[in-house]
Structures are given as structure tokens and as C-alpha cells.
């Protein structure tokens, strides 16, 4: 339902095979879930593009949120496999660690730090070239 946008979520990134959203009950600040767009029953069936997105986001978490590392773990929920990225700051964490409830405003702040900034495209304005034929001026004729 998150992939189909039936449930509101804070999306960070997306590729052809998966979507990355922030967890609403995170284990630590920046806890991200990567959901394959096509339902996957086991962790072995998760496409490699999902794991490459997970690695990309884990690098962003360590650099932008100043985490010591990021743990990438697979989990099966509701008969579907997902990837969890858990930022580790000072103590080791796992999927069994206690979760906390966060406000939407805090999730939006974290998402702003982790999202790709849109690149500004420069528009080149072509100067008008003079036509190939010279402009011919004709004397004014009065009828």
C-alpha cells in the first residue's frame, strides 16, 4: 500500500525496482525501509537494485546524519520481504531493539537531509543569427 501511495509516507528515494521511506516507528534517527515494488516472498528474491539503493542511502545516512555506520538487514513483514537500514550512532542496534514514535515534522527534517537535491539546469539562450541573405531596403513608393 505504501508503494501504491495508498498510505501516506515520507519518501526519500526511488528507483525502478524499489521505494525508500522513513520508518514511522524508528529504531534510531534515520531508520529507513526499502520496499520492492513487486511483492517478494523471501530475502533471496529481492532484486539487486534494491540493495544498491540501500547502500546509496546508508552512505547518505553516515555522511548527512553523522552516524558511525548503518546496518542493512532484511525482514519479512506481512508475508513480504523488505530491507531495513538502521543507523548506528553509539550503541549496536538490531531489528529487535526498542522502537520510538516520531512526529511527522521530525521525519520531514530527516527526509530533507537525505533526499537528492534537484539539479538546476542551465538554459542556454541561442543568439539570433543574422539571416543568410542581406536585408534589402527598398525606397518607399507612394501610389
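The values are calculated or read from the model by the stated rules, or taken from the named source; none is laboratory data. Predicted model, so just to flag it, every value in this text is computed and none were measured. No Cβ is skipped: glycine too gets one built from the backbone with ideal geometry, and neighbour counts run over all protein chains shown.
Quick notes on this structure:
- Reported count of residues in region 70-80, each being surrounded by fewer than 21 Cβ atoms within 10 Å (Cβ to Cβ) and either in a loop (DSSP other than H, G, I, E, B) or in contact with a strand residue (DSSP E or B) (Cβ under 7 Å, 6 or more places away or on another chain) (or both), is 7.
- Conditions (1) loosely packed, with under 10 Cβ neighbours inside 10 Å; (2) under 20 Å from the mean Cα position of the chain (by Cα); (3) touching a residue at least 40 places away in the same chain (Cβ under 8 Å): number failed by residue 83: (1)
- Residue match in region 99-122 (condition: more than 23 Å from the chain's Cα centre (by Cα) and assigned to a loop (DSSP other than H, G, I, E, B)): yes
- Criterion applied to 59, 139 was being loosely packed, with under 13 Cβ neighbours inside 10 Å and assigned to a helix (DSSP H, G or I), and the one residue passing it is 59.
- Just one of (1) in contact with a strand residue (DSSP E or B) (Cβ under 8 Å, 6 or more places away or on another chain); (2) under 19 Å from residue 14 (Cα atoms); (3) at pLDDT 85 or above fails for residue 60. It is (1).
- Taken over region 1-39, the criterion of being farther than 15 Å from residue 95 by Cβ and part of a strand (DSSP E or B) is satisfied by 11, 12, 13, 14, 18, 19, 20, 21, 22, 35, 36.
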